[in-house]
Amino acid sequence: MAYVVTEPCIGVKDHACVDVCPVDCFYEGEDHILIHPEECIDCGACVPECPVDAIFDGSDVPEHWKDYIAKNADPFKAGDVPKAVQRDKWEVQKGQEGSVANLYYQKYSKA
């Protein structure tokens with residue numbers, strides 16, 4: 001089962017998980033990042049990178065967040081596929097003082 005982004009991501013939309021995904025299966029949801037269930041290869045690379053521990057294998061989602069399995073998959077079923085996270089835009093924003101990307105890399109840069 002594909003990985004699922006759950007409640008802790010709401011309002012955060014950190015992109016560390018996006019940066020390590022080998023198949024670019026992350027998309028922008030309304031309030032949190034989504035993982036396309038048919039594109040995810042179940043590698044788990046995103047899990048340790050998530051600073052808010054929001055990503056779980058679909059079979060391991062905590063009971064109180066089980067509804068996020070559907071919340072993650074439903075936008076892709078509707079035919080109105082969410083916008084793909086654009087890494088190029090994120091990379092440009094890294095150099096813009098005060099941008100979300102810039103602040104992220106200041107806080108979480110790996111030495």
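In region 50-67, what residues are in contact with a helix residue (DSSP H, G or I) (Cβ under 8 Å, 6 or more places away or on another chain), part of a helix (DSSP H, G or I) and at pLDDT 95 or above?
W65
Condition test on A70, is it in a helix (DSSP H, G or I), among the hydrophobic types (A, V, I, L, M, F, W, C) and modelled with pLDDT of 90 or more?
When the stated conditions are applied, A70 passes them.
Quick one: which of K13, K94 is at positive phi, surrounded by 14 or more Cβ atoms within 10 Å (Cβ to Cβ) and at pLDDT below 85?
K13
The values are calculated or read from the model by the stated rules, or taken from the named source; none is laboratory data. Keep in mind it's a predicted model, so treat the numbers as computed, not measured. Don't worry about glycine lacking a Cβ; one is built from the backbone with ideal geometry, like all the others, and counts go over all protein chains shown.
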